[in-house]
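These notes concern the structure reproduced below.
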Amino acid sequence: MKYNRILLKLSGEALMGQQQYGIDAERLMQYASEIKSVAATGVQVAVVIGGGNIYRGVQAEAFGLDRVQGDYMGMLATVINSMALQSALEKLEVSTRLLSGLTIQRVCEPYIRRRAVRHLEKGRVVIFGAGIGSPYFTTDSAASLRAIEIEADVVLKGTRVDGIYTADPEKDPTATRYPEITFDEVLSKNLNVMDMTAFTLCKENNLPIIVFDMNTPGNLERLLNGESMGTLVSAGGTGPGRDGRKPPIDPTQSLLQPLVGNQPEQA
């Protein structure tokens, strides 16, 4: 396998399958099976999943609710999805742990970095719920931050499209896919990969991102086996993965700037 430890980012909307709301059991079990196959090879797997199939924090303003309250509601939606994924994995006899950015003792362990790393080292799939536990940050930001904290080799963003395109491939038939692209090129071309906070975290910590189609069965394992698919976003010139000399987060600089008014990822 190309990577030893990965952070898999899944969107909540993808869990709907062909439904208009909620969790599609078939899609949920497909994701669980994909994760099981990869974990069985020895790859350490951490997962962050969104909550857009249940509730999105940015909907609060449309309903006349307080944005902060809405974001906490969205965090609880991610916990529901995380619990569903945990149950699906355990049904397949995969050892898992659910760690939450919010304190919910009956169903989740509190997020502690060293505990998360220890679970991964023991071969357990670790699911991070409730984002980072603070409003104004999307689950993209949670995925980037948790990946850096646990020293993942790569962030795998599973979407319904097979990579990053020059335009929206669902609207523009002439759009072409980038097999590889640098962080700077993404910024200069104004491409929508992740929200800016999440993307900046990856860029400044030299953490590669691969955007790929998670809905095609077997894609996750094929990707980790080295098959070329999706789009690799990296610093360029050094190849995918970390080289052991990654720059640490500078404590004197605030990388986590609130995303006031930003929309969470839609994929």
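Data for the structure
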item	result
Tally of residues being aliphatic (A, V, I, L, M) and closer than 14 Å to residue 91 by Cα across the range 5-32	4
Within the range 133-220, strands (runs of 3 or more DSSP E) holding 1 or more residues that are of a type in the set (A, V, I, L, M, F, W, C) and closer than 30 Å to residue 66 by Cα	none
Only one of 103, 96 that is among the hydroxyl-bearing types (Ser, Thr, Tyr) and under 19 Å from residue 23 (Cβ atoms)	96
Extreme residue, least open to solvent (accessible area, probe 1.4 Å), among residues of the range 228-260 that are in a loop (DSSP other than H, G, I, E, B) and at pLDDT 90 or above	230
Among (1) modelled with pLDDT of 95 or more; (2) open to solvent by 10 Å² or more (accessible area, probe 1.4 Å), the one test that residue 6 misses	(2)
Checklist (1) under 19 Å from residue 142 (Cα atoms); (2) of a type in the set (A, V, I, L, M, F, W, C); (3) out of contact with any Asp or Glu (no Cβ under 9 Å at 6 or more places or on another chain); (4) not in a strand (DSSP E or B) applied to residue 15, failing item	(3)
Any hit, the range 173-187, residues being touching a residue at least 40 places away in the same chain (Cβ under 8 Å), touching a Leu at 6+ places or on another chain (Cβ under 9 Å), within 14 Å of residue 212 (Cα to Cα) and hydroxyl-bearing (Ser, Thr, Tyr)	yes
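The values are calculated or read from the model by the stated rules, or taken from the named source; none is laboratory data. Remember, predicted model here, so these are calculated numbers, not experimental data. Neighbour counts run over all protein chains shown; Cβ positions are idealised from the backbone, glycine included. These accessible areas exclude ligands, DNA and RNA; they are computed on the full protein's heavy atoms, side chains included. Shrake-Rupley method; radii C 1.70, N 1.55, O 1.52, S 1.80 Å.
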